[in-house]
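Everything on this sheet refers to the single structure shown next.
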Amino acid sequence: MLAPESPAYHLQFCSRITSVLSLDRLERALATVVAQSPMLRTTINCETGVPLQTVHASWRPSLMIYDSSTLSEEELLERVRDDYEQPFDLAAHPGFRASVYCRGSDDHVLLLTVHHAFIDGWGLSLLVDRICCAYAGEVPDRPVAEYLDFVRWQERFMRSSEARRQLGYWESELDGVPSVLDLPVDRPRPSLQALRGDSVTFSVERDTTSRLVHLARESNSSLFRVLLSVCHATIGCLAASDQVLIGAPVAGRSQPGFADTIGHFANLLALRGDLRGEPSFRDLVHRTDAIVRSALVNQDYPFAALIENLAFPRGAGRSPVVQVSFALQRAPIPEMPQFFLASSGERGFERKGLTFEPVGLGQQHGAFDLSLWLARSSRGLIGELKYNSDHYCRPTVERYTEILPTLLARVAKIPDMSVVELFRIGY
């Protein structure tokens, strides 16, 4: 069930708290938030072969407290990473745990780990915000809708004519587009995905970012679609293909009332990059813009159901349909996207009297060959390129992260040059 022995489906918030911290208040805050969040009180049993969720009426989370005052920073990080990677027994316990590593009166490391079956990135930001509110003595507002309401809505949707229409859209949109990317890799692909990975961070200068924003406005598009166009062109160059698919997560909260609900709403859109006919980069942005607009109109059809219903071929050791993902991060707490890219050197944030500084734990596992995460910051753009370490060696990915800022600067300055010329840089 979602690779239970692998941390590939774990989400984490790891932070050094540099303000004075009351462990008793933190434990009460956790209990308050869990009491208001059914998905954090849910277990999953698979004895019959079909996952069955049970929402428990009550469950008091345990805050694990460790004295780490004598550990070096390297030893501390190793302990925290081991904690994060511990598998969940989802049949016996909910997929949520919290730990604090005590260094001093104003130096603690907080680790929140949640299984992806119960939460998405947006929900993780909501969780942190509600814990802070409860810690400050505020009673967090109950969400307008519960996750069970979403489950019921989705069940009705999947029986509707609208779902059939959206399935038809995706069937037409993806027809003829290769669902397996022939990306160059450093090692032979294993027959099964091991989901092991690592990541490399990088940054894009403020001037380049401003130019990219200007290009998006000139094109009546968005920064996300400009950056996605760069991804399409880069992957098309690497795979020697004029049509490519890149997976882009969406919040999945298009229905009213779910914006403040903790749960797993996120969906993945397989977004086509159309490089046929050697377009200029500006033309590629226009193509991508139209594709994204149409995809968003049809974003409610679940990606997992799409894979099942359209019977895409599966390559050995590859994720189905898309092997590369891209996200321009957003979150309810504005500082959270860059905060997750901790090793980028971004500063922390303050919330309800608690001061958080990032810890460079990283999200080191995942289902894709390559995943590019970007976030806006005061310095421009910061990024993290995650990779499957069964396929790639670190020096290869480091070279990609050196090339990407150069490509972004180039398309921002000369967007009317053909994509072929812009990306002829000798991978």
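What the table below lists for this structure:
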| quantity | calculated |
| --- | --- |
| One residue from A134, A163 being more than 30 Å from R272 (Cβ to Cβ) and open to solvent by less than 40 Å² (accessible area, probe 1.4 Å) | A134 |
| Considering residues of segment 144-153 that are over 21 Å from the mean Cα position of the chain (by Cα) and in contact (Cβ under 8 Å) with a residue 12 or more places away in the chain only, the residue most open to solvent (accessible area, probe 1.4 Å) | V144 |
| Positions within segment 211-234 being touching a Gly at 6+ places or on another chain (Cβ under 8 Å) and open to solvent by 10 Å² or more (accessible area, probe 1.4 Å), in sequence order | C231 |
| Single residue of G317, G380 found to be open to solvent by less than 20 Å² (accessible area, probe 1.4 Å), more than 18 Å from G121 (Cβ to Cβ), at pLDDT below 85 and not aliphatic (A, V, I, L, M) | G317 |
| Residue within segment 100-116 that is touching a strand residue (DSSP E or B) at 6+ places or on another chain (Cβ under 9 Å), among the small types (G, A, S) and in contact (Cβ under 8 Å) with a residue 12 or more places away in the chain present | no |
| Restricting segment 28-61 to residues that are without any contact (Cβ under 8 Å) to a residue 24 or more places away in the chain and closer than 20 Å to R142 by Cβ, the residue that is least open to solvent (accessible area, probe 1.4 Å) | A35 |
| Members of segment 73-97 found to be open to solvent by less than 20 Å² (accessible area, probe 1.4 Å) and under 25 Å from P51 (Cα atoms), listed by number | Y84, L90, P94, G95, F96 |
| Residue that is nearest to P313 (Cα to Cα), among those in segment 154-183 that are aromatic (F, W, Y) and over 24 Å from the mean Cα position of the chain (by Cα) | Y169 |
| First in segment 278-295 and without any contact (Cβ under 8 Å) to a residue 60 or more places away in the chain, second anywhere and of a type in the set (V, I, T) and part of a helix (DSSP H, G or I), Cβ under 6 Å, 6 or more apart | none |
| All helices (runs of 4 or more DSSP H) inside segment 121-200 with 2 or more residues being more than 30 Å from R81 (Cβ to Cβ) | 147-158, 161-174 |
| Segment 320-366 - residue that is surrounded by fewer than 20 Cβ atoms within 10 Å (Cβ to Cβ), among the charged types (D, E, K, R) and in a loop (DSSP other than H, G, I, E, B) and, of those, modelled with the highest pLDDT | K352 |
| G252 being in contact (Cβ under 8 Å) with a residue 40 or more places away in the chain, open to solvent by less than 10 Å² (accessible area, probe 1.4 Å), not β-branched (V, I, T) and not in a helix (DSSP H, G or I) | no |
| Members of segment 178-202 found to be surrounded by fewer than 20 Cβ atoms within 10 Å (Cβ to Cβ) and polar (S, T, N, Q), listed by number | S179, S191, T201 |
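Table: residues versus (1) closer than 26 Å to S125 by Cα; (2) part of a helix (DSSP H, G or I).
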{"position": "A248", "(1), (2)": "yes, no"}
{"position": "I262", "(1), (2)": "yes, no"}
{"position": "A290", "(1), (2)": "no, yes"}
{"position": "I307", "(1), (2)": "no, yes"}
{"position": "P313", "(1), (2)": "no, no"}
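The values are calculated or read from the model by the stated rules, or taken from the named source; none is laboratory data. Small disclaimer: the values here were computed from a predicted structure and weren't measured. Note: ideal-geometry Cβ built from the backbone for every residue, glycine included; neighbour counts use all protein chains shown. Remember, those area values only see protein heavy atoms, side chains included, never the ligands or the DNA or RNA. Shrake-Rupley method; radii C 1.70, N 1.55, O 1.52, S 1.80 Å.
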